[in-house]
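In what follows, a single structure is set out as structure tokens and then discussed.
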């Protein structure tokens, strides 16, 4: 039944439409049809399930409103846009709420219902004074089933009032969700202020998440925050199997989207067989790898108040005396750096006979370095390191001036730079091999633990190049790097990128974690292709004699076989291994067995006692 207030508002007639920048749907015809729609039937409810990955059932349904099919007013975006233009948002939401609640009651399900509410409509008297609660009672619903889903389509300036309003709803038994996390700038604050029971991640961050490392990291961060504040994350917009698997493997508890179920007037009450199969699939998706971006020199910025070129040397000296931690002082004119004064250089000059008497009252430009090293704040730390190594020696002691668009913003010193570069190199070695850019030891171990925790069946393969050192000695380390790069590209080209993980342990050692069913055939192709590619990296005379002339560790002449690829494999099944440490030991033993065969070879450990076997091998070594 339409409220008296809504009828009165509709009788006011048409609302003028602005001629400039009006959206396509904002027309006189659409406004007229909208008013007609509010006076009679035409609006209907649709429900989209929200899947609980862990419970393998639906947690609830989001209630949505639809206009007449086949018309411009079928879209809820158009409907709410017209309601807002007509000044009928509160009245329209009230009508939609009644239609959605009535439709949900007809489904006769015990799950929860998510209803969209604009923050401005929370104070609708019919919602707060118990009229809606009375409707729920009439329909056989409970407030504990209802989740008020706050949409971010309005600016909120008074969060204190919003908290008070939501407290009143919570006292009535309702729970709160916030919609489209990440879409607007302010909903992170809303999360902090409202402390909702549910948080929906905007579909933008879910679309293509399996290929986008930044989206992946952002969603993982949202999930971590939710764990901290006891909110439950709902990933919206899941439309593909890969998105489904990535959200599932991230540990996100709830999901919604077309791949799970489209909005329907009468949706299925339980997930279909296809969705249950996706939930129960023990295979583990390969998370997108994060490629480290260049760290800029701004990370080392220290603000030091600069000197004016007219400052006297005596005052500069006094400034150093008062600030013992300062080693350099920049000289700046009109925000542009013109020089640098070194503490020890100034003290050394003043220590000479009569120098202070002669130059103490002179401007500091007399003793400054007029050609300091100046770098822009966006320059990478690696590039600044190269500039320092190629510049005058005193720059290493003085450090450098940092600018933004040519204007002075601070200084940096060489000691901090070297410490940062060293730390970056150590981290890079652990997380990504600097030569191949493939994941390093930490991601390898993390992925093994993910596979173990899911109870996945997979094959761990240790790949190692035999007789690589003699090749390196004979051809040089640059050609040795070419062999390692060749092997890395070869392995990457022969695995399934969606299911198989490839990591670079270091040097000529690689680790594969394969979930593909034809893993053994792929490994055999790796051996053949390695031998074929290796021919192009050997001199004809070495190929002709089938080896490399060299020396042994005692310096005696000897003959080495040509480089070959050894692959040791261990099949990992549920409950055989308890950690990545056990797998590493077992697969290392399998690799040693493969290396006992001349030429490129594959050894597969087919016994189920691989951990114990590997442990014994480790104890003997």
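The residues of the range 36-63 that are surrounded by fewer than 19 Cβ atoms within 10 Å (Cβ to Cβ), within 23 Å of residue 86 (Cβ to Cβ) and at pLDDT 85 or above, listed by number, are 42, 44. Candidates in the range 73-83 are the residues that are over 36 Å from the mean Cα position of the chain (by Cα) and over 18 Å from residue 263 (Cα atoms); of these, the one that is surrounded by the fewest Cβ atoms within 10 Å (Cβ to Cβ) is 83. The set of residues in the range 525-542 that are under 38 Å from the mean Cα position of the chain (by Cα) and over 15 Å from residue 485 (Cα atoms) comprises 525, 527, 528.
Being farther than 30 Å from residue 279 by Cβ and assigned by TED's automatic domain parsing to the domain that holds residue 172 holds for only one residue in 27, 102, and it is 102. Of the candidates 163, 220, 170, 189, the single residue that is within 30 Å of residue 498 (Cβ to Cβ) and either surrounded by fewer than 20 Cβ atoms within 10 Å (Cβ to Cβ) or at pLDDT 85 or above (or both) is 220.
Take the range 455-470 and flag every residue that is farther than 21 Å from residue 561 by Cβ and either surrounded by fewer than 16 Cβ atoms within 10 Å (Cβ to Cβ) or not assigned by TED's automatic domain parsing to the domain that holds residue 576 (or both). If you could, list the steps in order and put the result at the bottom.
Applying the first criterion (farther than 21 Å from residue 561 by Cβ) to the range 455-470 yields 455-461.
Of everything in the range 455-470, those that are farther than 21 Å from residue 561 by Cβ and either surrounded by fewer than 16 Cβ atoms within 10 Å (Cβ to Cβ) or not assigned by TED's automatic domain parsing to the domain that holds residue 576 (or both) turn out to be 455, 457.
Within the range 413-428, the set of residues being outside any loop (DSSP other than H, G, I, E, B) and more than 30 Å from the chain's Cα centre (by Cα) comprises 414, 415. More than 21 Å from residue 37 (Cα to Cα), surrounded by fewer than 16 Cβ atoms within 10 Å (Cβ to Cβ), at pLDDT 90 or above and out of contact with any helix residue (DSSP H, G or I) (no Cβ under 8 Å at 6 or more places or on another chain): is that true of residue 144 in this structure? Spelling it out, residue 144 is indeed more than 21 Å from residue 37 (Cα to Cα), surrounded by fewer than 16 Cβ atoms within 10 Å (Cβ to Cβ), at pLDDT 90 or above and out of contact with any helix residue (DSSP H, G or I) (no Cβ under 8 Å at 6 or more places or on another chain).
May I ask you to verify whether residue 32 is under 20 Å from residue 120 (Cβ atoms) and either at pLDDT below 85 or assigned to a helix (DSSP H, G or I) (or both)? Lay out the reasoning, then the answer.
On the way: under 20 Å from residue 120 (Cβ atoms): no; either at pLDDT below 85 or assigned to a helix (DSSP H, G or I) (or both): yes.
Judged against the criteria, residue 32 is not a match.
In the range 431-452 there is at least one residue matching the filter, namely being under 30 Å from residue 580 (Cβ atoms), in a strand (DSSP E or B) and in contact (Cβ under 8 Å) with a residue 24 or more places away in the chain.
Looking only at the range 232-276, which residues are free of Cβ contacts under 8 Å to residues at least 12 places away in the same chain and part of a helix (DSSP H, G or I)? Listed by number, the residues that qualify are 273, 274.
Against the conditions (1) touching a residue at least 12 places away in the same chain (Cβ under 8 Å); (2) closer than 21 Å to residue 267 by Cβ, residue 55 satisfies every one except (1).
Checking each residue in the range 385-412 for being in a loop (DSSP other than H, G, I, E, B), surrounded by 12 or more Cβ atoms within 10 Å (Cβ to Cβ) and at pLDDT 90 or above picks out only 399.
Candidates in the range 173-185 are the residues that are part of a loop (DSSP other than H, G, I, E, B) and surrounded by 14 or more Cβ atoms within 10 Å (Cβ to Cβ); of these, the one that is modelled with the lowest pLDDT is 184.
The values are calculated or read from the model by the stated rules, or taken from the named source; none is laboratory data. As the structure is a prediction and not an experimental result, all values here were calculated from the model. Every residue, glycine as well, gets a Cβ built from its backbone with ideal geometry; the counts of neighbours run over all protein chains shown.
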